[in-house]
Amino acid sequence: MDSALSSPSTGTGSGTGSMYLAGEDQTLVKLLVAGPFGVGKTTLIRAMSETPPLHTEEVMTQTGAAVDDLAGVREKTTTTVAIDFGRLTLPGNLVLYLFGTPGQKRFRPLWQDIARGALGALVLADTRRLADSFEVMDIIGEAGLRYAVAVNTFPDAPEYSVEKLREALDLHPDTPLVMCDARDRDQSVDALIALVGHVLAHTPEETPNP
Ligand SMILES: Nc1nc2c(ncn2[C@@H]2O[C@H](COP(=O)(O)OP(=O)(O)OP(=O)(O)O)[C@@H](O)[C@H]2O)c(=O)[nH]1
Ligand SMILES: [Mg+2]
């Protein structure tokens with residue numbers, strides 16, 4: 001399976017609708033893209049989805065400033081109020097369904113429903129506020145999902161070695177950690193491939209929520 005994951009499919013973005021119909025030989029995989037407020041979840045799904053991504057963006061108002069901390073994301077004018085959805089077909093007829101999910105505490109009650117049927121999660125992190133990703137990793141762990149971490153490299157964010165980041169995020173040695181620019185399709189796809197490889201590397205018996 002690893003070789004099938006080595007080169008993502010490209011050029012499917014504006015194809016005909018029929019190419020998106022699931023065939024009998026396709027394997028459909030539900031994955032979550034999670035992370036704290038403003039870390040780049042919508043951007044990543046927008047960058048890699050082969051279908052026009054579904055978004056539920058709303059312009060933020062002054063009222064929301066009390067609950068969504070804009071520190072580090074000053075330019076941000078909208079936020080996702082429900083969910084992002086995107087789709088990506090990998091070689092080997094592996095079709096990923098991606099659900100961008102909010103990481104703020106107040107959305108915790110939604111997680112049981114969001115996680116149902118998911119095989120894993122890509123957790124986005126920002127080196128300016130790594131601790132904000134802890135809560136998301138906790139929620140994902142509680143949901144019994146495997147995850148990989150993708151550090152979204154914002155230009156003004158401090159850079160650390162992979163070793164330092166793994167230590168700061170307290171990652172299990174098995175958990176993949178990748179760097180990506182969420183605006184870049186190839187880098188975003190590579191981050192998802194790291195997650196899929198991690199999920200598939202474990203036998204069904206070992207998978208927490210088969
Ligand atoms: N420079 C840079 N900017 C980015 C990157 N990823 C996202 N952004 C910008 O950061 C802002 C936040 O990105 P979003 O994709 O809206 O983040 P989000 O996680 O979906 O945010 P919420 O849904 O509100 O939690 C946007 O203005 C993006 O254009 C990146 O890799 N580099
Ligand atoms: Mg969003």
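Computed from the coordinates by the stated procedures, all read-outs in this text should not be read as laboratory data. Since this is a predicted model, take the numbers as computed values, not measurements. A quick note on method: Cβ atoms are made from the backbone with ideal geometry, for glycine too, and the neighbour counts reach across all protein chains shown.
Treat the count of other C-beta atoms within 10 Å as a stand-in for reagent exposure and order Phe85, Phe99 from fewest to most. Don't skip to the end; give the middle numbers.
Numbers: Phe85 17, Phe99 21.
Sorted ascending by nearby Cβ count, the order is Phe85, Phe99.
Quick one: order Tyr147, Tyr160 by neighbouring beta-carbon count within 10 Å, fewest to most.
Tyr160, Tyr147
For segment 80-176, compute Rh as the Kirkwood radius over C-alpha pairs and then the Stokes-Einstein diffusion coefficient at 37 °C and 0.692 mPa s; write the answer in µm²/s, rounded to an integer. Mind showing how you got there, number by number?
Details: Rh = 14.7 Å.
Rounded to a whole number, D works out at 223 µm²/s.
Just to check I understand the Karplus step: with θ = phi - 60° and J = 6.51 cos²θ - 1.76 cosθ + 1.60, what whole-Hz values come out for segment 143-149, glycine and proline as x?
6, x, 9, 6, 8, 10, 10
Can you list residues from other chains, or at least 5 along the same chain, whose modelled amide H is less than 5 Å from the amide H of Val123?
Here Ala34, Ala148, Val149, Ala150 satisfy the definition.
How do 192-201, 125-134 rank on mean C-beta neighbours within 10 Å, highest first? If you can, show how the numbers build up before the last one.
Details: 192-201: 20.5, 125-134: 18.1.
Output ranking for 192-201, 125-134: 192-201, 125-134.
Report the net charge of residues surrounding Val189, where surrounding means a beta-carbon distance below 14 angstrom and charges are Lys +1, Arg +1, Asp -1, Glu -1. Intermediate values should be presented prior to the final figure.
Values: positive: Arg46, Arg87, Arg183, Arg185; negative: Glu50, Asp181, Asp184, Asp186, Asp190.
Local charge sum for Val189: -1.
Counting other C-beta atoms within 10 Å, which of Lys41, Lys164 has the fewest, and how do the rest follow? Show your work: numbers first, answer last.
Details: Lys41 28, Lys164 11.
Ascending Cβ contact count within 10 Å gives the list Lys164, Lys41.
Starting at the first residue of segment 172-189, write each ³J(HN,Hα) from the Karplus equation 6.51 cos²θ - 1.76 cosθ + 1.60 with θ = phi - 60°, in whole Hz, x for Gly and Pro.
4, x, 7, 7, x, 10, 10, 9, 8, 9, 4, 7, 9, 4, 4, 5, 5, 5
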